[in-house]
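Some notes on the structure that comes next.
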Amino acid sequence: MIIDSHVHMHEYDEDKLRKYCKMSNYVFLAVSDDYESSLKTLSIAGKCANIIPAVGIHPWEVKEASINELDKILELVDNVYFLGEVGLDKKFVPQTFIHQLKVFKRFLEIARDYNKGLSVHAAGAWRDVLDLLYRYDIKVAIIHWYTGPPELLKDIESLGYYIGVNVALKMQRKMRLIIEKAPIEIMITESDGPYEYRGMILNPELIPEAISEIAKIKGVEQDQVIKVVSENFRSILRKLGTEVGF
């Protein structure tokens with residue numbers, strides 16, 4: 001199976017959604033940005049067997065009043081195995097960090113108490129996020145588009161967490177450096193579609209090409225990358241009490 005562990009399905013039009021729903025060799029983890037997109041993600045996943053929904057509040061969307069939105073998100077928790085996209089961002093929106101921290105800590109409590117996986121945004125806050133995941137005893141976390149300090153990789157591995165390897169690796173030196181340093185056993189492929197990065201429209205269809213690049217960097221066959229990444233994702237699902245049929 002091809003794994004896309006981080007994609008914003010709620011941003012795609014109906015034609016794209018129909019196409020992705022028919023891609024039976026793909027499994028998607030569809031993240032959300034706020035309450036309204038969480039509802040849309042759940043609706044999309046209800047129609048597509050290969051889409052696993054996540055609900056959450058993206059740190060870019062966090063405002064002072066966002067803590068109140070958490071009550072509505074909590075009502076959706078029984079319908080999902082994952083919370084995401086959630087986390088902290090000191091790089092792009094440092095001005096809201098205090099509010100982000102309050103919201104993220106609440107999501108950590110929910111994940112811990114309800115045994116939910118986390119798809120975690122951590123731009124510029126890699127150490128902060130990892131420390132909080134450890135402090136809240138989080139069992140399952142994928143650190144989205146990990147381009148943080150290579151020295152944290154051993155801690156991520158020892159805690160049983162995974163890193164999102166993004167299709168932007170073709171043009172992002174930091175992502176390639178992480179691939180060189182990290183074992184495949186903690187990697188999960190992702191697109192973050194339909195985000196635009198340096199003029200490149202990221203999308204799930206780029207993942208096979210990314211797998212090819214990972215294989216070259218690690219000096220292994222593409223089939224080995226696919227096999228290990230698939231097993232990584234299966235391991236995550238088993239920890240959350242499901243196999244989701246793949």
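The values are calculated or read from the model by the stated rules, or taken from the named source; none is laboratory data. All of these numbers come straight from a predicted model, not from anything done at the bench. For neighbour counting, all protein chains shown are included, and Cβ atoms are generated from backbone atoms with ideal geometry for every residue, glycine included. What goes into the accessible areas is simple: the full protein's heavy atoms, side chains included, and nothing from ligands, DNA or RNA. Shrake-Rupley method; radii C 1.70, N 1.55, O 1.52, S 1.80 Å.
Quick look at the values:
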item: Residue of V86, V228, V62 that the Gaussian network model of the chain assigns the largest fluctuation, springs spanning Cα pairs under 10 Å; result: V228
item: Selected from G219, V120, L83, residue furthest toward positive end of dipole (region 62-219; charges at beta carbon); result: G219
item: Integer Hz, Karplus 6.51/-1.76/1.60 couplings in order for region 13-29, x for Gly and Pro; result: 7, 4, 4, 5, 4, 4, 5, 5, 5, 8, 7, 5, 8, 10, 10, 10, 9
item: Rounded to whole Hz, the Karplus (6.51, -1.76, 1.60) HN-Hα couplings of region 96-103, x for glycine and proline; result: 10, 4, 4, 6, 4, 4, 4, 5
item: Amide H within-cut-off set for Y197, under 5 Å, with H built and near neighbours excluded; result: L202
item: Long-range HN-HN contacts of G87 with modeled amide H, under 5 Å; result: H121
item: Fraction of accessible area attributable to carbon and sulfur, region 1-105 (%, probe 1.4 Å); result: 51 percent
item: Per residue accessible area in Å² of region 1-134, where ligands, DNA and RNA are left out and the probe is 1.4 Å; result: 43 Å²
item: Mean separation of Cα contacts under 8 Å, 6 or more apart, over the residue count of region 75-121: relative contact order %; result: 56 percent
item: Solvent-accessible area of W145 with every protein chain in place, 1.4 Å probe, in Å² to the nearest 10; result: 30 Å²
item: Candidate aspartates and glutamates for bridging to K40, where Cα separation is under 18 Å - those fewer than 8 sequence places away on the same chain excluded; result: E11, D13, E14, D15, E61, E69, D71, E75, D78, E85, D192
item: The chain: antiparallel DSSP beta bridges as a percent of all, rounded to 5; result: 10 percent
item: Per-residue ³J(HN,Hα) for region 212-224, Karplus 6.51 cos²θ - 1.76 cosθ + 1.60, θ = phi - 60°, Hz, x for Gly and Pro; result: 4, 5, 4, 4, 5, 5, 8, x, 10, 7, 4, 4, 5
item: Nonlocal amide H pairs with I163, under 5 Å, H built at 1.01 Å; result: I143, M187, I188
item: Long pairs among K16/K47; K181/K218; K63/K174; K170/K239; K105/K139, criterion Cα-Cα beyond 20 Å; result: K63/K174; K170/K239
item: Value at 222 nm in deg cm²/dmol, rounded to 500, when DSSP H runs of n ≥ 4 in the chain each add -39,500 (n - 2.57); result: -12500 deg cm²/dmol
item: Unit charges on C-beta of K, R, D, E only; dipole of region 44-124, Debye; result: 220 debye
